[in-house]
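> Dropping the structure in here first, questions after.
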Amino acid sequence: MQTLRNTFLIAATELTRALITRRGLVSLFAFGLIWLLILTTIIRPAPMLVQNGASIGSMLGSETILSIARWQVAEFGVHWFIGLYVFPICCIFYAADQTASDKVRGTLKLLTLHTSRSSLFLGRFLGMMAVQAVVIALTLLSTLVVAAMRDPTLITGSVSNAVFIWVNLMIVLAPYTALMAVISLFAKSGMQAMTYASILWIVLLFGIYWLSSRFPEAQLLKSIFPGSQVSTLVKHHDWSSLGTVLTPAIQTLVFLTLGLFIMHKVDL
Amino acid sequence: MELIKCEKLSKRYSKLRALDNVDLSIDSGKPIALVGPNGAGKTTLMSLIGGFIRPSTGSVTVCGAPAGHSSIKSKLSVLPQDAQFDPNFSIGSQLTLYANLRGVKNADHEVTRALELVQLQDRFKSKSTELSHGMGKRLLIAQTLLGNPEIILLDEPTAGIDPPNAKLIRDLIAAESSNTTFVVSSHNLDELEKVCDTVIHLADGKLVSQGSIADEESEQGFLTLQADFDAGQTIESVAGLIRLGQNQHNEFIIEFDAINHPQFHIAMLQKLADNNIRYKRLINGRTLEEKMYSQGKL
């Protein structure tokens with residue numbers, strides 16, 4: 001019971017770090033600027049983008065444009081597409097320093113004096129997920145405002161679109177966050193964790209590509225990568241998307257189990 | 001009551017054996033000094049007891065449970081040598097978090113109490129980066145006091161800090177030692193002698209000795225006298241003297257027959273007075289430094 005309580009206490013602290021501390025606010029402000037750029041240059045002109053789909057179809061792929069066009073509110077169709085490909089990159093960046101710099105600073109030692117390593121590791125993961133939940137909700141709110149400004153009757157449809165995207169993006173981001181939690185245990189800084197993640201990604205990708213050329217069954221190994229379901233998911237615009245939830249759920253569970261094992265073995 | 005038990009405890013860092021087959025038992029009671037030169041294994045031993053690192057072989061138990069186990073979080077606390085508070089949060093909010101994590105009831109009150117004990121009560125809203133080195137050490141000690149643990153390990157609590165801060169920490173250990181068993185590591189043997197009754201001596205990762213600081217004073221008496229150089233001749237003339245030595249601090253180390261001449265120190269002081277020789281300081285016994293390094297061991 002105390003472990004569960006401490007897990008939520010740690011998660012709440014991470015949320016506070018993101019939303020109240022100077023460091024957290026600077027990161028959010030930087031992301032806000034990037035999002036503002038995306039909002040004004042890509043999401044706001046979304047209806048026009050869908051109408052002129054043929055001309056940019058060559059850039060994004062006509063199938064993708066068609067799937068965006070199926071959305072009740074075009075702005076959310078574009079948000080969905082961008083969210084699936086941009087947010088995981090932001091996640092790798094943002095979730096890289098879950099434990100790395102605290103370990104170097106010795107703050108992890110202080111924390112482990114007062115709580116278990118499990119609650120610390122899981123609390124940091126949950127905290128990071130909570131921060132992303134808030135950030136994604138804010139981006140969806142901004143898209144909703146943009147859509148409502150174009151046509152106020154779209155608000156009802158926008159809310160259901162927003163809920164759909166929020167739930168699905170959280171599922172997509174969970175394994176990325178869990179993987180970065182594991183990598184962060186080996187790194188001395190967030191930057192080093194990102195470097196390790198890049199190396200791991202490239203080595204595994206080439207390894208699987210090489211294996212697949214010899215053994216076609218090795219293609220299945222691609223499912224170990226977070227986001228392996230995204231190419232399928234992007235075509236969904238209704239709750240049938242939850243049919244793809246098994247892969248990220250298993251990935252998250254495996255990464256968290258591995259992380260907990262390492263967390264208990266690692267010297268602080 | 002046995003608080004800490006180490007059995008055949010070893011820790012290796014690749015080829016370096018930082019701690020080698022240490023058997024050790026620490027009971028509750030007065031403060032215990034952990035001494036030894038650099039690289040002796042003091043920090044490694046504290047880290048193993050604190051559960052920061054895992055033994056290569058052997059075992060450590062704290063209050064009967066393996067080091068690092070959740071059940072001993074409320075019983076043990078540690079001042080790690082190299083730890084810092086998170087610079088993004090205020091001191092008060094972090095201490096409150098720690099108290100809540102420990103399951104302390106009325107965490108706010110407990111944090112105020114801990115900060116008052118280290119005289120940092122007016123720094124609740126400060127960030128750790130705004131504190132001096134001495135204040136930082138006191139803050140780290142404050143987090144060890146949360147929830148009144150049964151045992152507190154302090155790794156170099158006074159390293160690099162000024163005398164007023166060092167005194168404050170010594171006084172705090174003395175004041176709290178009736179509730180808590182302290183294990184204090186330091187290179188400052190004078191300081192340890194002031195607060196500790198027992199000493200654990202490590203060297204090259206091995207346990208050299210463990211025992212009372214005053215253990216060997218029963219048959220031969222020892223005095224340490226800081227006085228002018230010419231006091232030596234006078235001391236040599238006092239009946240009961242076995243051996244007279246002198247260290248680099250201008251201190252005479254006097255060994256005497258304590259059984260047949262129990263009043264040796266009075267006779268010696270009388271002779272010094274008769275010869276108009278002034279002395280600065282007289283210690284009953286040898287200093288810890290003298291015991292450890294002049295004859296190799298305690």
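> Against the definition (of a type in the set (Lys, Arg), surrounded by 15 or more Cβ atoms within 10 Å (Cβ to Cβ), touching a residue at least 12 places away in the same chain (Cβ under 8 Å) and within 14 Å of chain A (Cβ to nearest Cβ)), how does B:Lys127 come out, yes or no?
Values: of a type in the set (Lys, Arg): yes; surrounded by 15 or more Cβ atoms within 10 Å (Cβ to Cβ): yes; touching a residue at least 12 places away in the same chain (Cβ under 8 Å): yes; within 14 Å of chain A (Cβ to nearest Cβ): yes.
Spelling it out, B:Lys127 is indeed of a type in the set (Lys, Arg), surrounded by 15 or more Cβ atoms within 10 Å (Cβ to Cβ), touching a residue at least 12 places away in the same chain (Cβ under 8 Å) and within 14 Å of chain A (Cβ to nearest Cβ).
> Let me confirm something: among A:Phe125, A:Phe186, which residue is under 29 Å from B:Ala99 (Cβ atoms) and aromatic (Phe, Trp, Tyr)?
Only one candidate qualifies: A:Phe125.
> I've got another one for you. Within the bounds of the range B:223-231, is there any residue that is assigned to a strand (DSSP E or B), touching a residue at least 60 places away in the same chain (Cβ under 8 Å) and outside the structural domain of B:Val35 (by TED's automatic domain parsing)?
First, pick out the residues of the range B:223-231 that are assigned to a strand (DSSP E or B): B:223-227.
Narrowing the set further to residues that are touching a residue at least 60 places away in the same chain (Cβ under 8 Å) leaves B:223-224.
Then drop every residue that is not outside the structural domain of B:Val35 (by TED's automatic domain parsing), which leaves B:223-224.
The answer is yes, given that some residue of the range B:223-231 is assigned to a strand (DSSP E or B), touching a residue at least 60 places away in the same chain (Cβ under 8 Å) and outside the structural domain of B:Val35 (by TED's automatic domain parsing).
> Do you know which of the residues in the range A:232-268 that are among the polar types (S, T, N, Q), over 19 Å from A:Ser118 (Cα atoms) and touching a helix residue (DSSP H, G or I) at 6+ places or on another chain (Cβ under 9 Å) is nearest to the other protein chains (Cβ to nearest Cβ)? Even if it seems obvious, please write down each step before you answer.
Initially, the range A:232-268 is screened for residues among the polar types (S, T, N, Q), giving A:232, A:240-241, A:244, A:247, A:251-252, A:257.
Imposing the further condition that a residue be over 19 Å from A:Ser118 (Cα atoms) reduces the set to A:232, A:240-241, A:244, A:247.
Retained after the next criterion (residues that are touching a helix residue (DSSP H, G or I) at 6+ places or on another chain (Cβ under 9 Å)): A:232, A:241, A:244, A:247.
Values: A:Thr232: 39, A:Ser241: 37, A:Thr244: 37, A:Thr247: 33 Å.
Taking the candidates together, the pick is A:Thr247.
> For the range B:82-112, what are the residues that are more than 13 Å from chain A (Cβ to nearest Cβ) and either buried (at least 17 other Cβ atoms within 10 Å of the Cβ) or of a type in the set (S, T, N, Q) (or both)?
Result: B:Gly92, B:Asn106, B:Thr112.
> OK, next. When the residues of the range B:72-81 are narrowed to those that are touching a residue at least 60 places away in the same chain (Cβ under 8 Å) and within 7 Å of chain A (Cβ to nearest Cβ), which ends up farthest from B:His133 (Cα to Cα)?
From the range B:72-81, those touching a residue at least 60 places away in the same chain (Cβ under 8 Å) are B:74-81; that's our starting set.
This time we only want the ones that are within 7 Å of chain A (Cβ to nearest Cβ), so: B:77-78, B:80.
Values: B:Ser77: 21, B:Val78: 18, B:Pro80: 14 Å.
Going through the qualifying residues, I end up with B:Ser77.
> Mind checking which pairs have a first residue in the range A:21-32 that is within 14 Å of chain B (Cβ to nearest Cβ) and a second that is part of a helix (DSSP H, G or I), Cβ under 6 Å, 6 or more apart or different chains?
Here the result reads A:Gly24/A:Arg17; A:Gly24/A:Ala18, each pair linking the range A:21-32 to a residue that is part of a helix (DSSP H, G or I).
> Does the range B:30-44 include one or more residues that are charged (D, E, K, R), away from chain A (no Cβ under 11 Å), touching a Ser or Thr at 6+ places or on another chain (Cβ under 8 Å) and surrounded by 20 or more Cβ atoms within 10 Å (Cβ to Cβ)? Give the derivation first.
Residues of the range B:30-44 charged (D, E, K, R): B:30, B:42.
Keeping just the survivors that are away from chain A (no Cβ under 11 Å) gives B:30, B:42.
Restricting the remaining residues to those that are touching a Ser or Thr at 6+ places or on another chain (Cβ under 8 Å) gives B:30, B:42.
Restricting the remaining residues to those that are surrounded by 20 or more Cβ atoms within 10 Å (Cβ to Cβ) gives B:42.
Among the residues of the range B:30-44, at least one is charged (D, E, K, R), away from chain A (no Cβ under 11 Å), touching a Ser or Thr at 6+ places or on another chain (Cβ under 8 Å) and surrounded by 20 or more Cβ atoms within 10 Å (Cβ to Cβ), which makes the answer yes.
> From B:Glu116, B:Glu150, B:Glu216, B:Glu156, which residue is modelled with pLDDT of 90 or more and surrounded by fewer than 17 Cβ atoms within 10 Å (Cβ to Cβ)? Show your work before the answer.
Numbers: B:Glu150 fails: surrounded by fewer than 17 Cβ atoms within 10 Å (Cβ to Cβ); B:Glu216 fails: modelled with pLDDT of 90 or more; B:Glu156 fails: surrounded by fewer than 17 Cβ atoms within 10 Å (Cβ to Cβ).
Going through B:Glu116, B:Glu150, B:Glu216, B:Glu156 in turn, the sole match is B:Glu116.
> For residues that are not in a helix (DSSP H, G or I) and not polar (S, T, N, Q), scanning just the range A:187-204, find the one that is farthest from the chain's Cα centre (by Cα). Break it down stepwise before answering.
Our first condition is that a residue be not in a helix (DSSP H, G or I); within the range A:187-204, this holds for A:187-189.
Next, only the ones that are not polar (S, T, N, Q) stay: A:187-188.
Working: A:Ala187: 20, A:Lys188: 22 Å.
By that ranking, first place goes to A:Lys188.
> Filter the range B:138-168 down to the residues that are assigned to a loop (DSSP other than H, G, I, E, B) and under 21 Å from B:Gly103 (Cβ atoms) and list them by number. Lay out the reasoning, then the answer.
Of the residues in the range B:138-168, the ones assigned to a loop (DSSP other than H, G, I, E, B) are B:146-150, B:156-162.
Of everything in the range B:138-168, those that are assigned to a loop (DSSP other than H, G, I, E, B) and under 21 Å from B:Gly103 (Cβ atoms) turn out to be B:Leu146, B:Gly147, B:Asn148, B:Pro149, B:Glu150.
> Examine the range A:178-186 for a residue that is in a helix (DSSP H, G or I), farther than 19 Å from A:Ala249 by Cα and touching a residue at least 12 places away in the same chain (Cβ under 8 Å), and state whether such a residue exists. Steps first, answer last, please.
In the first step, residues of the range A:178-186 are kept if they are in a helix (DSSP H, G or I); the result is A:178-184.
Filter again for farther than 19 Å from A:Ala249 by Cα, leaving A:184.
Those left that are additionally touching a residue at least 12 places away in the same chain (Cβ under 8 Å): A:184.
Yes, because at least one residue in the range A:178-186 is in a helix (DSSP H, G or I), farther than 19 Å from A:Ala249 by Cα and touching a residue at least 12 places away in the same chain (Cβ under 8 Å).
> For the range A:76-120, how many residues are under 19 Å from A:Tyr196 (Cα atoms) and within 14 Å of chain B (Cβ to nearest Cβ)?
Looking only at that region, the number is 8.
> Could you check B:His261 against (1) outside any loop (DSSP other than H, G, I, E, B); (2) surrounded by 13 or more Cβ atoms within 10 Å (Cβ to Cβ) and say which number it fails?
(1)
> Give just the number: which of (1) in contact with a Leu (Cβ under 6 Å, 6 or more places away or on another chain); (2) farther than 20 Å from A:Ile89 by Cβ; (3) touching a residue at least 24 places away in the same chain (Cβ under 8 Å) does A:His237 not satisfy?
(1)
> Would a scan of the range B:13-29 turn up a residue that is in contact (Cβ under 8 Å) with a residue 24 or more places away in the chain and in contact with a Phe, Trp or Tyr (Cβ under 8 Å, 6 or more places away or on another chain)?
There is no residue in the range B:13-29 that is in contact (Cβ under 8 Å) with a residue 24 or more places away in the chain and in contact with a Phe, Trp or Tyr (Cβ under 8 Å, 6 or more places away or on another chain).
> How many of the residues making up the range B:169-189 are assigned to a helix (DSSP H, G or I) and either buried (at least 20 other Cβ atoms within 10 Å of the Cβ) or under 10 Å from the mean Cα position of the chain (by Cα) (or both)?
Of the range B:169-189, the ones assigned to a helix (DSSP H, G or I) are B:169-176, B:189.
From what's left, either buried (at least 20 other Cβ atoms within 10 Å of the Cβ) or under 10 Å from the mean Cα position of the chain (by Cα) (or both): B:169-170, B:172-173, B:189.
Selection size over the range B:169-189: 5.
> Find the residue count for the range A:139-165, including only residues that are free of Cβ contacts under 8 Å to residues at least 60 places away in the same chain and within 22 Å of A:Leu25 (Cβ to Cβ).
2
> Restricting to the range B:14-29, count the residues that are surrounded by 15 or more Cβ atoms within 10 Å (Cβ to Cβ) and either outside the structural domain of B:Thr158 (by TED's automatic domain parsing) or within 15 Å of the chain's Cα centre (by Cα) (or both). Write out each step before concluding.
Of the range B:14-29, the ones surrounded by 15 or more Cβ atoms within 10 Å (Cβ to Cβ) are B:17-22, B:24, B:26.
If we keep only those that are either outside the structural domain of B:Thr158 (by TED's automatic domain parsing) or within 15 Å of the chain's Cα centre (by Cα) (or both) too, we end up with B:26.
Number satisfying all stated conditions: 1.
> Here is a list: A:Ile208, A:Ile262. Which entry is at pLDDT 90 or above and in a helix (DSSP H, G or I)? Break it down stepwise before answering.
Numbers: A:Ile208 fails: at pLDDT 90 or above.
None of the others qualify; the one that does is A:Ile262.
> Could I ask something else about it? For B:Gln143, all conditions in the list (1) within 14 Å of chain A (Cβ to nearest Cβ); (2) surrounded by fewer than 18 Cβ atoms within 10 Å (Cβ to Cβ) hold save one; what is the number of the exception?
All conditions are met except number (2).
The values are calculated or read from the model by the stated rules, or taken from the named source; none is laboratory data. As the structure is a prediction and not an experimental result, all values here were calculated from the model. Methodologically, a virtual Cβ is constructed for each residue, glycine included, from the backbone with ideal geometry; neighbour enumeration extends over all protein chains shown.
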